[in-house]
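The values are calculated or read from the model by the stated rules, or taken from the named source; none is laboratory data. Keep in mind that this is a model prediction, so the values were computed, not measured. For neighbour counting, all protein chains shown are included, and Cβ atoms are generated from backbone atoms with ideal geometry for every residue, glycine included.
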Amino acid sequence: MSEQKSISRREFIKSTSITTAIVGMPTVIPSGVISMPGRIAPNDRIIYAHIGVGGMGASHVVPDAAALCDVDSKRLAEIAKNVKGTPMLCKDYREILDRKDIDAVTIGTPDHWHAIMTVHACQAGKDVYSEKPTCRTIQEGQAMINAAQHNKRIVQIGAQGRSKKSHRAVCQYIRNGQIGKVNHVEVWHENNWTGGWGTETTPPENLDWDMWIGPARWRPYNTDYAPFNFRWVMDFGGGFIRDRGNHVLSIVMWAMNSDHTGPVSVEATGDPQKEGLWDTPVTMDVKWEFKNPDWTLTWSQPGPKHTFPGSDEALPWGAQYYGDRGTLIQSGGDGYGDTEKKALEYEPPADGYHPYLDPSPVEDATERHRENWRRCIRTREKTIMPIETGHRVITLAVIANISYLLGRKLNWHPVHERFIADEEANRMIAQPYRAPYHF
Amino acid sequence: MNLNEYLIRIQSPDAGIRYSAWKSAWSQKSDAVAPLAKLASSPDKGIAKAANAALPILAHHSARPGAYEEAESMASELLKIAESSDYPMLIRAQSLNLIGCISPAQLVPRIAKLLATDELREEARMAIERIPGNPSTHALKAGLRSTPESFHKNLQQSLHNRSLTPLTAGVKNAR
């Protein structure tokens with residue numbers, strides 16, 4: 001952010017008669033922070049805009065948002081009712097990025113938009129909160145990292161499990177060796193959804209279908225693609241492994257101290273539905289192998305559905321950690337879920353590992369995650385779930401889906417981020433974008 | 001299972017038999033491409049789904065490490081589908097997507113001819129973008145001289161994208 005921009009912001013605030021007690025995001029402002037390029041002065045209000053305002057995207061909308069963007073005009077008008085004043089409404093996110101007064105954007109679109117919007121937002125000097133999954137391809141994740149680092153932007157990926165106390169307790173318990181050396185983590189999840197054929201028809205007038213597809217390969221509109229059900233289409237969503245997998249695998253990678261690395265192999269199999277529109281596998285089994293230290297991660301749909309000790313309630317999704325001195329169960333991985341009492345009550349020694357948790361007093365993990373982003377916008381510190389980590393986590397799901405599609409085990413180089421000795425797999429590291437969309 | 005038997009199974013009225021057939025598409029050769037592409041636009045949605053799902057399994061299996069001749073043969077058959085107006089546009093586009101995944105660089109000049117067509121220019125560009133090697137770069141650059149000016153930014157996008165990730169040699173060139 002330039003000096004010029006800070007002045008513009010103050011002028012903007014004055015012009016809208018908002019002087020003190022600004023309604024918006026009450027954040028703790030570190031003393032000594034002054035307005036300078038790339039930083040927001042303590043007395044300046046952060047100006048937010050929201051791209052994609054359905055589903056989780058709607059939950060991010062602040063009451064004084066400057067602009068809202070959605071390809072569904074009906075939804076856009078509906079959400080705009082929750083915003084004070086007259087926010088700019090648009091269906092093309094680039095109009096928001098052109099606004100110099102906007103500091104930060106949330107991205108709550110379908111998955112195939114996350115990467116390119118994040119890259120463009122960073123290039124436009126905006127800080128970004130982008131929903132999970134981080135991205136669809138390895139190249140997208142790399143481009144997001146480059147854009148954030150080169151433009152010195154604060155990026156938070158919406159894997160809010162990292163802001164949840166019970167998931168932090170899992171990380172703390174495992175990282176402090178309470179079950180010994182962990183050699184296997186077993187993740188389970190309910191099956192992907194099944195459905196019918198939907199109806200291939202003209203898109204509703206309120207939906208700009210071509211813009212909805214954006215950089216993905218074009219296909220005709222079907223009532224069973226949007227909203228929400230894009231998750232069950234490989235080109236758009238990639239199934240639960242990329243959706244909630246981004247949550248549960250995030251906690252596993254955190255607990256296993258593996259945010260900086262990745263597996264050396266992946267093998268995925270699955271069974272898609274025999275009839276119907278969607279093409280993600282309904283059931284799926286994945287095995288990733290890690291080296292130095294050696295451990296194995298598995299994903300099973302539907303999997304064994306573990307229960308907490310003393311309970312007979314089957315947990316719909318989660319992870320079980322197997323160590324040489326015990327086990328630990330984590331349920332979920334997002335803003336909900338829990339873990340065993342022994343982990344919740346565990347206090348590490350002073351010189352033990354104490355995972356960071358944003359000090360925001362709010363209990364809700366999703367709100368704490370957003371608070372962490374807002375705090376980091378002001379302090380310019382790394383968020384709890386920065387793009388570098390988001391990329392590493394989603395790499396697990398991305399390469400699993402490639403292995404599933406290719407029908408073979410793949411060897412992965414976690415440093416070079418390339419498949420070893422498999423030309424075709426390496427071509428799938430990137431996916432060509434439909435014009436005019438490019439990084 | 002020979003091709004005729006296979007095609008009977010993938011058109012079975014029993015969804016389970018069709019499913020079993022599509023999952024075992026890897027056992028077929030490139031001569032299965034054309035009949036499967038025909039079935040992929042069947043008015044029977046179940047049969048169309050089975051054939052549509054079988055084609056990628058067939059294609060990806062052909063491009064497994066060490067099976068370079070199979071990949072070339074498969075890509076060539078898929079290209080015939082993309083080139084033929086006998087097939088619906090979505091099937092031709094899907095063929096080009098698979099071609100981008102498995103084709104050796106040697107086929108790029110043939111793929112590049114589709115850059116001259118109004119209906120598949122964009123899909124051909126995306127397929128070429130994915131194929132490593134100089135022939136792809138040359139084809140994209142040559143397209144700047146042979147395609148409408150309105151398409152040039154698309155070609156420049158592909159040339160830019162190819163510079164983002166270091167692409168390895170093509171399937172054939174990697175031998």
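Here are some notes:
- Checking A:Gly352 against (1) more than 14 Å from chain B (Cβ to nearest Cβ); (2) within 22 Å of A:Arg153 (Cα to Cα); (3) out of contact with any strand residue (DSSP E or B) (no Cβ under 9 Å at 6 or more places or on another chain), the condition it does not meet: (2)
- Subset of segment A:280-302 that is crowded, with 22+ Cβ neighbours inside 10 Å and not β-branched (Val, Ile, Thr) - its residue that is farthest from A:His184 (Cα to Cα): A:Pro281
- Among the conditions (1) without any contact (Cβ under 8 Å) to a residue 24 or more places away in the chain; (2) within 12 Å of chain A (Cβ to nearest Cβ); (3) in contact with a helix residue (DSSP H, G or I) (Cβ under 9 Å, 6 or more places away or on another chain), the only one that B:Gly66 does not satisfy is (3).
- Residue in segment B:70-85 that is under 25 Å from A:Gly195 (Cβ atoms), surrounded by fewer than 24 Cβ atoms within 10 Å (Cβ to Cβ) and modelled with pLDDT of 95 or more present: no
- Taken over segment A:417-427, the criterion of being more than 7 Å from chain B (Cβ to nearest Cβ) and of a type in the set (A, V, I, L, M, F, W, C) is satisfied by A:Phe419, A:Ile420, A:Ala425.
- Filter pass, A:Thr395 being in a loop (DSSP other than H, G, I, E, B) and under 16 Å from the mean Cα position of the chain (by Cα): no
- Any hit, segment A:400-416, residues being more than 11 Å from every other protein chain (Cβ to nearest Cβ), within 27 Å of B:Leu159 (Cα to Cα) and assigned to a helix (DSSP H, G or I): yes
- Candidates A:Gly333, A:Gly262, A:Gly270: the one that is in contact with a helix residue (DSSP H, G or I) (Cβ under 6 Å, 6 or more places away or on another chain), of a type outside the set (A, V, I, L, M) and within 14 Å of another protein chain (Cβ to nearest Cβ) is A:Gly270.
- Out of B:Arg9, B:Arg110, sole residue that is surrounded by fewer than 20 Cβ atoms within 10 Å (Cβ to Cβ), modelled with pLDDT of 95 or more, closer than 19 Å to A:Arg427 by Cβ and of a type outside the set (Ser, Thr, Tyr): B:Arg110
- Criterion violated by A:Arg94 - all others in (1) closer than 18 Å to A:Ser130 by Cβ; (2) in contact with a strand residue (DSSP E or B) (Cβ under 8 Å, 6 or more places away or on another chain) satisfied: (2)
- Residues considered: A:Asp294, A:Asp338. Of these, the only one that is in contact with a Ser or Thr (Cβ under 6 Å, 6 or more places away or on another chain) and either more than 14 Å from chain B (Cβ to nearest Cβ) or of a type in the set (Phe, Trp, Tyr) (or both) is A:Asp338.
- Matching entry among A:Asn146, A:Asn192, A:Asn183, A:Asn176 (being closer than 23 Å to A:Thr261 by Cβ and either under 20 Å from the mean Cα position of the chain (by Cα) or free of Cβ contacts under 8 Å to residues at least 24 places away in the same chain (or both)): A:Asn146
- Helices (runs of 4 or more DSSP H) fully within segment B:79-166 that include at least 3 residues being within 9 Å of another protein chain (Cβ to nearest Cβ) and among the polar types (S, T, N, Q): B:152-162.
- Within this structure, A:Trp295 passes the test of being of a type in the set (Phe, Trp, Tyr), in contact with a Lys or Arg (Cβ under 9 Å, 6 or more places away or on another chain) and within 26 Å of A:His260 (Cβ to Cβ).
- Pairs, first within 14 Å of A:Tyr173 (Cβ to Cβ) and part of a helix (DSSP H, G or I) in segment A:334-350, second at pLDDT 95 or above and among the charged types (D, E, K, R), C-beta under 9 Å, six or more apart: A:Leu344/A:Lys165; A:Leu344/A:Asp338
- Residues of segment A:210-238 classified as outside any loop (DSSP other than H, G, I, E, B) and either in contact (Cβ under 8 Å) with a residue 24 or more places away in the chain or away from chain B (no Cβ under 13 Å) (or both), total: 8
- Being acidic (Asp, Glu) and modelled with pLDDT under 95 holds for only one residue in A:Asp98, A:Asp72, A:Asp64, A:Asp44, and it is A:Asp44.
- Taken over segment A:366-383, the residue count meeting the criterion of being surrounded by fewer than 21 Cβ atoms within 10 Å (Cβ to Cβ), over 15 Å from A:Val62 (Cα atoms) and under 13 Å from the mean Cα position of the chain (by Cα) is 0.
- Pairing residues of segment B:1-20 that are part of a loop (DSSP other than H, G, I, E, B) with residues that are not hydroxyl-bearing (Ser, Thr, Tyr), at Cβ distances under 6 Å and at least 6 apart in sequence or on separate chains, gives B:Gln11/B:Ile47; B:Ser12/B:Arg18.
- Any hit, segment A:95-114, residues being more than 29 Å from A:Thr379 (Cα to Cα) and of a type in the set (Ser, Thr, Tyr): no
- If the condition is being free of Cβ contacts under 8 Å to residues at least 40 places away in the same chain and assigned to a strand (DSSP E or B), then segment A:258-287 contributes A:Asp271, A:Pro272, A:Asp285, A:Lys287.
- Qualifying residue in segment A:138-158 (condition: in a loop (DSSP other than H, G, I, E, B), in the same structural domain as A:Arg45 (by TED's automatic domain parsing), closer than 22 Å to A:Arg242 by Cβ and at pLDDT 95 or above): no
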